[in-house]
1. Could you tell me how many of the residues in segment A:119-152 are of a type outside the set (Gly, Ala, Ser) and under 24 Å from B:Asp260 (Cα atoms)?
2. In segment B:76-85, which residues are within 11 Å of another protein chain (Cβ to nearest Cβ) and more than 20 Å from B:Thr248 (Cβ to Cβ)?
3. Taking the criterion of being surrounded by 21 or more Cβ atoms within 10 Å (Cβ to Cβ), within 13 Å of another protein chain (Cβ to nearest Cβ), modelled with pLDDT under 95 and within 18 Å of the chain's Cα centre (by Cα), would at least one residue in segment A:176-183 satisfy it?
4. When you scan segment B:113-137, how many residues do you find that are in a helix (DSSP H, G or I) and touching a helix residue (DSSP H, G or I) at 6+ places or on another chain (Cβ under 8 Å)?
5. Cβ-Cβ below 8 Å, separation at least six or inter-chain, first residue in segment A:121-143 and charged (D, E, K, R), second surrounded by fewer than 22 Cβ atoms within 10 Å (Cβ to Cβ) and assigned to a loop (DSSP other than H, G, I, E, B): which pairs?
6. Which residues, counting only those in segment A:162-175, are over 25 Å from A:Thr235 (Cα atoms) and within 8 Å of chain B (Cβ to nearest Cβ)?
7. Any idea which of A:Ala208, A:Ala186, A:Ala197 is of a type in the set (Gly, Ala, Ser) and over 23 Å from B:Glu279 (Cα atoms)?
8. Would you pick out the residues in segment B:138-156 that are surrounded by 19 or more Cβ atoms within 10 Å (Cβ to Cβ) and either more than 20 Å from the chain's Cα centre (by Cα) or among the acidic types (Asp, Glu) (or both)?
Amino acid sequence: MRNALTLGVIGAMALGTLGLVGCGSSTTGTTTGSSTSGALTVAGSDTMVNMAQAWADTYTKDNPGVSIAVKGGGSGTGIAALINGTVDFADASREMKPEEIAQAQAKGIKPVATKVARDGVAIVVNPANKVENLTLDQLGKIYLGTITNWKDVGGADAPITLVSRDPSSGTYEFMTSKALKGGKFAGSAKLLGSTQAVVDEVKADPNAIGYIGVGYESSAVKVIGVDGIKASTATVKDESYPLWRFLNMYSNGEPTGVAKAYVDWILSPAGQKVVTDQGFVTLN
Amino acid sequence: MLVSVGMSSDVSGAMDEPLRDRGGRASRTGRARAVEAVVKAAIAGSGWIAIVILTAIAAFLAVNAWPALSSSAAGGWKMLTGSLWYPTASPPEFGFLPYIVSTLRVTGVALAIAVPVGIAAAVFISEFAGRRFKEFSKSVIEFMAAVPSVVYGLMGVYVVGPAIKDLFHLPSALTALSAGVVLSFMALPTIISISEDAMHAVPNDLRMGSLALGNTRWQTAYKVIVPAAGSGIFASVMLGMGRAIGETMVVLMVAGGTMDLTWSLTASARPLTAVIASEMGEVVQGGLHYSALFVIGLTLFVITFAANLAADLVLERQRKRWRR
């Protein structure tokens, strides 16, 4: 390489690409425009993603000046995106953890939760399974790996196959805190990426147990009771079902402008009607 | 003093010292030389860009993996030997040995199927097939390599997985075996294509000599051609292995995702690529979990780099061997 110009071009390219190594800065929020026009980005919970898309579709039909982009990826993904400053709303089927709130504040984000619906986490087994009910304690022990055979909880003599969501899922974190009381899922638990994958696996394996949001119940799998109570709109609304929870939308500070109009609409009867249509439970 | 007025003043046809007029910078020679210098610099830059990008990727991985490797909270180098991966627990644990074993299990199954089938197919195409079949199969194999991996993933979840589940009476369709079988479909085109090229490169003299000495075509193939093409075949296996190790979508959808440290092929698995793909979305930039995922990325990078380097060195040796 005798040519100084050649060296110069290569050097500039190298410096440029190595400079990108240090890159990865976050962008600020993306809400723009007045109340009836603008763009919003929503990301997070896979449990909520269909409902979030339905909300977005219905709202933008009546408010054509607004465009709303909805993505899934799990509650953890949405919260991480909120902390990184890349979304307006993080859909979360759980609450933010203290560590996440600390991380957010360290980056100058002030997370504010708006409850938008209620949900119950239904425990499902294969239709061939004779078990009808589990106590919350038994459920926890099953997923911790302490109880490993169906015969210990009133079923057939067969090993229990654990089916779970993966750690980015809010439902996974909710089960960790509510059912496992902060413990850890057994190593043999299959960590699947979506509710549909959980349903497919429980449908195919006679000894499987899994957990899904009530909005995803189907005839392919059998829902069992927890502590004697089956998940239904009534038992979730009066909070008697042990695995009930709020579905949240987190934003950076109180929502303003387009974001506020959108959230107000979601909490209105029109938005809550979408909640019922999707199989979830309204707030009130 | 030579004058170039009567001649064409473009520089094609001569490498150095193309023109002999003693013009200054503003003359035709000066401009032509300037153009050549710029063009040389630009194409040299393009030539080097791959190396620059690869170095930048390696640097990016190392820089982002360093916080986890140097932190005692994450376990540093013990991450490669720990068997508990609970990144969202308090306190978090970051041992990913089970995932290394998962990658090996799944790749092992893929190669166990793809290597014999691939080499046999390459032998057939190179030594026995007619010209029309050769052309036809080459296109089909290239097409197989071009099918998107998510399509293979769908096939795995809805076709291959259930078929294996029924065939071996397994409780689940999502196992290391199912994922390995689908990965073998993906490694096969690479192995066939490069092995066939290696066999084709063996000089015809060897074939003719072998046949002349009384070997049948099959004996020639396995006694003479395959050993002669050995380096190229080895390289193809290394590249097929690289493909299987790096595959993400298929193992994410088909392998089942368990953390257990086991060598069983009928149990589920969670290869390194699947861990990164399923968890990268939920990490906060700069956090410990983020850095731990980069350590996994760096591990994958090193393994694939080593496999490709081995393949390249062996191929180079083969090229030198036949260059008499």
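The values are calculated or read from the model by the stated rules, or taken from the named source; none is laboratory data. Predicted model, so just to flag it, every value in this text is computed and none were measured. Glycine also receives a Cβ, built like all others from the backbone with ideal geometry; neighbour counts cover every protein chain displayed.
1. Residues meeting the conditions: 18.
2. Correct list: B:Ser83, B:Leu84.
3. Among the residues of segment A:176-183, at least one is surrounded by 21 or more Cβ atoms within 10 Å (Cβ to Cβ), within 13 Å of another protein chain (Cβ to nearest Cβ), modelled with pLDDT under 95 and within 18 Å of the chain's Cα centre (by Cα), which makes the answer yes.
4. Total meeting the criteria: 16.
5. So the pair list comes out as A:Lys130/A:Gly154; A:Lys130/A:Gly155; A:Lys130/A:Ala156; A:Lys141/A:Ile147.
6. Scanning segment A:162-175 gives A:Asp166, A:Pro167, A:Ser168.
7. After ruling out the rest, the residue left standing is A:Ala208.
8. Within segment B:138-156, B:Gly156 is the sole residue that qualifies.
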